[in-house]
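The next block holds one structure in the form of structure tokens; read it before the comments.
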């Protein structure tokens with residue numbers, strides 16, 4: 001999982017998704033000033049829309065993809081999944097969802113992150129892909145399992161053949177949670193909460209990486225690649241809502257079924 005650099009952009013790609021156009025982009029290579037410096041693709045964090053559009057265009061161009069090929073959503077920390085069969089026109093309103101799936105090779109699925117977990121899914125047999133967004137809420141609601149169920153329903157995906165990636169996000173050492181969230185984790189993972197919740201120096205943190213890996217395994221996915229990159233540890237590369245106290249941008253993740 002080496003970093004790639006192209007046209008001033010810096011991004012990661014994954015061995016398990018080799019052959020697919022995909023990437024999780026760092027914050028480098030864009031046009032936005034602080035506190036969104038610089039490749040901010042989040043349109044609801046105070047940055048100017050023209051800069052966000054330019055950053056989005058640069059991100060897509062970094063993979064040789066066209067701006068008009070994108071389907072994205074308004075991420076709301078839920079479980080809704082969109083089965084996408086055409087790009088979203090820029091003037092069209094976003095659907096509210098936290099996972100998208102498609103088998104259209106001319107379509108690019110895109111989401112935005114700043115500590116939450118990007119999860120990329122590929123079904124090589126049926127040429128389908130998916131992307132999911134999971135913070136603590138999406139994790140305890142098991143959003144990635146809804147994405148897999150949508151792929152199975154729409155494309156006859158067998159989870160045993162899926163290749164999954166858990167991308168850069170906040171790591172367990174930096175994701176402290178309070179009593180209400182601890183209770184939700186214990187309810188969602190009754191057999192595994194002991195290893196997903198870590199207590200140290202009077203605080204309890206939640207391992208989002210391992211929790212989503214468990215959800216994938218429970219669904220029958222056996223090929224799971226975990227980036228293991230903490231966004232809060234590396235704000236020179238990643239936007240982090242926690243580490244930057246909410247004054248930050250959003251980095252982009254893309255995946256398409258199209259030939260690389």
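When each of 170, 182 is scored by the number of other beta-carbon atoms lying within 10 Å, the sequence from fewest to most is 182, 170.
Its convex hull of Cα atoms gives region 130-245 a direction-averaged projected area, equal to a quarter of the hull surface, of 7.6 nm².
With contacts defined as alpha carbon pairs under 8 Å and 6 or more residues apart, what's the relative contact order of region 156-222 in percent? About 48 percent, as a whole number.
Å³ per residue of the Cα convex hull, for region 1-75? Let's see the in-between values first.
Values: hull volume 7.9 nm³, N = 75.
Convex hull volume per residue, Cα atoms: 106 Å³.
Below 8 Å, C-alpha to C-alpha, sequence gap of six or more: please give me the relative contact order for region 8-255 in percent.
Once normalised by length, the contact order is 23 percent.
Comparing Cα centroids, region 201-248 and region 37-92 end up 22 angstrom apart. Computed over every Cα-Cα pair of region 47-191 and binned at 5 Å starting from 0, the pair-distance distribution P(r) comes out as 2, 9, 17, 21, 20, 15, 9, 6, 2, 0 percent. In angstrom, the C-alpha Rg and Dmax of region 1-131 are 14.3, 44.
Fully extended, how many nm does the chain gain between residue 57 and residue 192 (0.36 nm per residue separation, minus their Cα-Cα distance)? Can you show the working numbers first?
Values: separation 135, 0.36 × 135 = 48.60 nm, distance 4.16 nm.
Going from the current span to full extension adds 44.4 nm.
Report, in cubic angstrom per residue, the convex hull volume of the C-alpha atoms of region 8-255. Walk me through the numbers before you get to the answer.
Values: hull volume 28.5 nm³, N = 248.
Dividing the Cα hull volume of region 8-255 by its residues yields 115 Å³.
Can you give me the Rg/Rh ratio for region 33-93, using Cα atoms for both radii and the Kirkwood formula for Rh? Rg divided by Rh gives 0.98. Taking other Cβ atoms within 10 Å as a rough exposure proxy, 51, 96 sort from fewest to most as 96, 51. In terms of the mean number of neighbouring beta-carbon atoms within 10 Å, the peptides 37-43, 156-162 order highest first as 37-43, 156-162. With a cut-off of 17 Å, note down the residues of region 204-239 whose backbone N falls inside the zone around a label point 7 Å from the Cα of residue 173 toward its beta carbon. Answer for this model: 204-210, 227-238.
Bear in mind that the values in this text are calculations on the coordinates, not laboratory data. Quick caveat, the model's predicted, so the values are computed rather than measured. Don't worry about glycine lacking a Cβ; one is built from the backbone with ideal geometry, like all the others, and counts go over all protein chains shown.
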